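Colleague: Sending over a structure as structure tokens; questions will come in a sec.
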Amino acid sequence: MGYTVIEKIIRNNIGKDVKAGEIVTVNVDRVMIHDIFIPFVASKFEEMGFTKLWDPDKVVLIYDHLVPASQVDDTRHFKVGNEFAAKYGMKNVHRSDGICHQLMTEAGYVKPGNIVFGTDSHTTTYGCVGAFSSGIGYTEMASILGTGTMWVKVPETIRVEINGTLPDNVMAKDIILKLIGDLGADGATYKALEFTGDTVANMSVASRMSMSNMAIEAGAKCAVFTPDEKTAEYCEVTLTDKEKDLVGDADAVYCRTITYQAEEFVPVCACPSNVDNVRPVSELEGTEIDQVFIGSCTNGRLEDLMAAAEVLKGKKVAPFVKLIVTPASRKIYTQALENGTMKILADAGAMITHPSCGLCCGRTGGILTDGEKVVATNNRNFLGRMGSSKVGIYLASPKTAAACAVAGKIVSA
Amino acid sequence: MEQFTGKVWVLGDDIDTDIIIPTEYLALKTVDDMKPYAFSPLRPELAGQIKEGDIIVAGKNFGCGSSREQAPEIIKALGIKCVIAKSFARIFFRNSINNGLLLIEQDALHDHVTEGEEISVTVGKEVVANGTSYAISALPQNLLDIINAGGLVKAMRKLNGLD
């Protein structure tokens, strides 16, 4: 009997065969803590009686939700974080470099085959490079900081196979939204998603990242792509035989297999206020909007900004629409400056903000009010996510979002 | 076997963590500071109405969304004895166990219970509502171990020889 990718990652980690359903204790390769939860992690860690980190180099602290501070209370999180890092000898601290999920792979903290936990639900993102990664709370994070271990139930896997060539106006975001719509918001709860097929093989790591990022929106524990040459180049590693073997075996046991033909995808939106409320853009055409947001750990990468710029080049944002663009990291920001993307976006009328979580978590940079509608490229459209609880949030791809900004209403790119 | 009764608040499917506690309140200093805003995007008056010992009955996927552990902590701080839902999101489930908030999965109860009704719960066995018994199952041993230790913090204190 064969193994799924996640079974292989866990098997390699603990050095013995595992099957879905078993409860095992894994050795953690890396953890990520962000600014919102560091005060809670720090106090739980000390309350538990630990006096040192299991391995300070394996702990990464990233300030992203609260930078730059928009409320006086926010600054307390930086103070606590800085003190914790100094006290326990942590070197990996990012205070203004970008969003945690972008930085973890971009800065080389996560490699193929790793097991990684983070205090953020979108930690599923690192499956884009063939890692098993998942979100946890601050109490569990505190226990990992002390022990370097974590119990997990080996998840069952849903295999998602996609073959063919995507239409020009369709992006990886449309695929993952369609999948979440088909699975439902709890369709993959406790399970792993394993992506395969030639469409996925031909995708950039950045596009894979948009998909693994949103796996949690179907309830998934993790999502994983087989590491390949693109992964190796992105992670600046040479793949070992064990890493090359992170492929789902033909005789592995899957709880479900879903197959898509790429040519059949169309641009879609997740409509207010559930991520699984997915409809084709064609059914929503003409819906008037007040704002567009292009950014976040889902879609704030260079290829996303360039896709938006391609649509916006030589055009102007509709006069009553505010277009907010937030690159996912400083590296992406400078790349987009250097290749001219930022100028195209600015000339079209975009407000370009510092790299951070910003509007995606509703804390800063474009909060909306009752009755307003926004087309946004991030990952959640929950009630009250971007301001008042009467804001309509439509999640879409960067191409769709850019086209909507010009039209002032929902349209196809 | 632990047994208790409580008044029911009924919520729907997919009650996400942004509804349980919106991000804008997460930088408040304590869970007690945050708790008046619990469920505010959906039912702003609810946090003020919940009394010690009440029970939340919800639909599927309760606690979906972010990893914020304040979500179960606030529900516990409001005095909620347990949450009974058709299903729970996984991070919320782990966070609740680690903080000693009792969660019970029950598929049928939600469709037959009315807000304000009194129900009785026998942990690991059944929920009785309006004279009807709804079976519930026991938790796996490794989770019971954490709960029996008094939550994950206490389990770790024991590991470190403190208690």
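Colleague: Considering each residue of region B:106-163, count those that are in a helix (DSSP H, G or I) and free of Cβ contacts under 8 Å to residues at least 60 places away in the same chain, and give that number.
Modeller: Initial filter on region B:106-163 (in a helix (DSSP H, G or I)): B:109-112, B:141-149, B:152-159.
Then keep just the ones that are free of Cβ contacts under 8 Å to residues at least 60 places away in the same chain; that gives B:109, B:111-112, B:141-149, B:152-159.
Final tally of qualifying residues: 20.
Colleague: Scan A:Ile180, A:Ile175 and give me the residue that is surrounded by 24 or more Cβ atoms within 10 Å (Cβ to Cβ), among the β-branched types (Val, Ile, Thr) and away from chain B (no Cβ under 14 Å). Spell out how you get there, then give the answer.
Modeller: Values: A:Ile180 fails: away from chain B (no Cβ under 14 Å).
Checking each option against the conditions leaves just A:Ile175.
Colleague: Now a separate question. For the structure I just gave you, tell me whether B:Ala155 is within 13 Å of chain A (Cβ to nearest Cβ) and at pLDDT 95 or above. Don't jump to the end; show me each part of the working.
Modeller: Values: within 13 Å of chain A (Cβ to nearest Cβ): yes; at pLDDT 95 or above: no.
No; evaluated as a whole, the condition is false for this residue.
Residue by residue, here is whether (1) modelled with pLDDT of 95 or more; (2) within 30 Å of A:Lys52 (Cβ to Cβ); (3) of a type in the set (Phe, Trp, Tyr) holds:
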{"residue": "B:Leu78", "(1), (2), (3)": "yes, no, no"}
{"residue": "B:Ile84", "(1), (2), (3)": "yes, no, no"}
{"residue": "B:Asn98", "(1), (2), (3)": "no, yes, no"}
{"residue": "B:Glu117", "(1), (2), (3)": "yes, no, no"}
{"residue": "B:Ser133", "(1), (2), (3)": "yes, no, no"}
{"residue": "B:Ser137", "(1), (2), (3)": "no, no, no"}
{"residue": "B:Gly150", "(1), (2), (3)": "no, yes, no"}
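Colleague: Pick from A:Gly135, A:Gly130, A:Gly164: which is out of contact with any His (no Cβ under 6 Å at 6 or more places or on another chain), at pLDDT 95 or above, under 24 Å from A:Pro227 (Cβ atoms) and within 11 Å of chain B (Cβ to nearest Cβ)?
Modeller: From the options A:Gly135, A:Gly130, A:Gly164, the qualifying one is A:Gly135.
Colleague: Further, regarding this structure: Are there any strands (runs of 3 or more DSSP E) wholly within region A:40-151 with 1 or more residues that are more than 15 Å from the chain's Cα centre (by Cα), and if so which? Spell out the reasoning first.
Modeller: Values: elements: A:59-62, A:115-118, A:132-135.
The strands (runs of 3 or more DSSP E) meeting that bar are A:59-62, A:115-118.
Colleague: Ok, one more. Please work out if B:Ile84 is crowded, with 19+ Cβ neighbours inside 10 Å, in contact (Cβ under 8 Å) with a residue 24 or more places away in the chain and within 14 Å of another protein chain (Cβ to nearest Cβ). Write out each step before concluding.
Modeller: Working: crowded, with 19+ Cβ neighbours inside 10 Å: yes; in contact (Cβ under 8 Å) with a residue 24 or more places away in the chain: yes; within 14 Å of another protein chain (Cβ to nearest Cβ): no.
Here the answer is no, as B:Ile84 does not meet what is asked.
Colleague: Being of a type in the set (Gly, Ala, Ser) and not in a loop (DSSP other than H, G, I, E, B) is the filter; apply it to region A:216-231 and report the residue that is farthest from A:Leu246 (Cα to Cα).
Modeller: Taking region A:216-231 as the starting set, the residues that turn out to be of a type in the set (Gly, Ala, Ser) are A:218-220, A:223.
When the remaining residues are screened for being not in a loop (DSSP other than H, G, I, E, B), the result is A:218, A:223.
Working: A:Ala218: 23, A:Ala223: 13 Å.
The residue in question is A:Ala218.
Colleague: Would you please name the residue that is farthest from the other protein chains (Cβ to nearest Cβ), looking only at residues in region B:17-72 that are of a type in the set (D, E, K, R) and free of Cβ contacts under 8 Å to residues at least 40 places away in the same chain?
Modeller: Applying the first criterion (of a type in the set (D, E, K, R)) to region B:17-72 yields B:18, B:24, B:29, B:32-33, B:35, B:43, B:45, B:51-52, B:54, B:60, B:68-69.
From the residues that got through so far, the ones that are free of Cβ contacts under 8 Å to residues at least 40 places away in the same chain too are B:24, B:29, B:33, B:43, B:45, B:52, B:69.
On the way: B:Glu24: 6, B:Lys29: 7, B:Asp33: 10, B:Arg43: 10, B:Glu45: 13, B:Glu52: 23, B:Glu69: 4 Å.
Checked region B:17-72; the qualifying residue farthest from the other protein chains (Cβ to nearest Cβ) is B:Glu52.
Colleague: Give me a count of the residues in region A:365-385 that are more than 10 Å from chain B (Cβ to nearest Cβ) and either charged (D, E, K, R) or closer than 20 Å to A:Phe320 by Cα (or both).
Modeller: 12
Colleague: Something else: If I ask for residues that are over 27 Å from A:Asp74 (Cα atoms) and within 11 Å of another protein chain (Cβ to nearest Cβ), which ones from region A:24-53 would you list? Show your work before the answer.
Modeller: The initial filter retains those residues of region A:24-53 that are over 27 Å from A:Asp74 (Cα atoms), namely A:24-29.
Correct list: A:Val24, A:Thr25.
Colleague: Working carefully through the options B:Asp107, B:Asp111, find the one that is surrounded by fewer than 20 Cβ atoms within 10 Å (Cβ to Cβ) and either β-branched (Val, Ile, Thr) or in contact with a Lys or Arg (Cβ under 6 Å, 6 or more places away or on another chain) (or both). Give the derivation first.
Modeller: Working: B:Asp111 fails: either β-branched (Val, Ile, Thr) or in contact with a Lys or Arg (Cβ under 6 Å, 6 or more places away or on another chain) (or both).
Exactly one residue qualifies, and that residue is B:Asp107.
Colleague: So, in region A:1-19, of the ones that are touching a residue at least 60 places away in the same chain (Cβ under 8 Å) and surrounded by fewer than 23 Cβ atoms within 10 Å (Cβ to Cβ), which residue ends up nearest to A:Asp120 (Cα to Cα)?
Modeller: If we filter region A:1-19 for residues that are touching a residue at least 60 places away in the same chain (Cβ under 8 Å), which is where we start, we get A:1-10, A:12-13, A:18-19.
So of that shortlist, the ones also surrounded by fewer than 23 Cβ atoms within 10 Å (Cβ to Cβ) come out as A:1-2, A:12-13, A:18-19.
Working: A:Met1: 34, A:Gly2: 32, A:Asn12: 25, A:Asn13: 22, A:Val18: 26, A:Lys19: 26 Å.
Here the residue is A:Asn13.
Colleague: Here is a follow-up. Take region A:20-53 and flag every residue that is among the charged types (D, E, K, R) and either closer than 26 Å to A:Cys100 by Cβ or surrounded by 15 or more Cβ atoms within 10 Å (Cβ to Cβ) (or both). Lay out the reasoning, then the answer.
Modeller: We begin by selecting, within region A:20-53, every residue among the charged types (D, E, K, R); these are A:22, A:29-30, A:35, A:44, A:46-47, A:52.
Within region A:20-53, A:Asp29, A:Arg30, A:Asp35, A:Lys44, A:Glu46, A:Glu47, A:Lys52 meet the criteria.
Colleague: In this structure, does B:Gly79 turn out to be within 14 Å of another protein chain (Cβ to nearest Cβ), surrounded by fewer than 16 Cβ atoms within 10 Å (Cβ to Cβ) and either part of a helix (DSSP H, G or I) or of a type outside the set (Asp, Glu) (or both)? Steps first, please.
Modeller: On the way: within 14 Å of another protein chain (Cβ to nearest Cβ): no; surrounded by fewer than 16 Cβ atoms within 10 Å (Cβ to Cβ): yes; either part of a helix (DSSP H, G or I) or of a type outside the set (Asp, Glu) (or both): yes.
In short, no.
Colleague: Filter region A:54-101 down to residues that are basic (Lys, Arg) and more than 13 Å from every other protein chain (Cβ to nearest Cβ) and give me whichever is surrounded by the most Cβ atoms within 10 Å (Cβ to Cβ).
Modeller: Of all residues in region A:54-101, those basic (Lys, Arg) come to A:58, A:76, A:79, A:87, A:91, A:95.
Adding the requirement that they be more than 13 Å from every other protein chain (Cβ to nearest Cβ) leaves A:58, A:87, A:91, A:95.
Values: A:Lys58: 18, A:Lys87: 12, A:Lys91: 10, A:Arg95: 14.
The qualifying residue surrounded by the most Cβ atoms within 10 Å (Cβ to Cβ) is A:Lys58.
Colleague: Can you name every one of the helices (runs of 4 or more DSSP H) wholly within region A:236-330 that holds 1 or more residues which are over 20 Å from A:Leu177 (Cβ atoms) and either in contact (Cβ under 8 Å) with a residue 60 or more places away in the chain or under 18 Å from the mean Cα position of the chain (by Cα) (or both)?
Modeller: Values: elements: A:241-244, A:296-299, A:302-312.
Because the criterion is at least 1 residues that are over 20 Å from A:Leu177 (Cβ atoms) and either in contact (Cβ under 8 Å) with a residue 60 or more places away in the chain or under 18 Å from the mean Cα position of the chain (by Cα) (or both), the helices (runs of 4 or more DSSP H) in region A:236-330 that meet it are A:241-244, A:302-312.
The values are calculated or read from the model by the stated rules, or taken from the named source; none is laboratory data. Source: prediction; values computed, not measured. All Cβ positions, glycine included, derive from the backbone under ideal geometry; neighbour counts span all protein chains shown.
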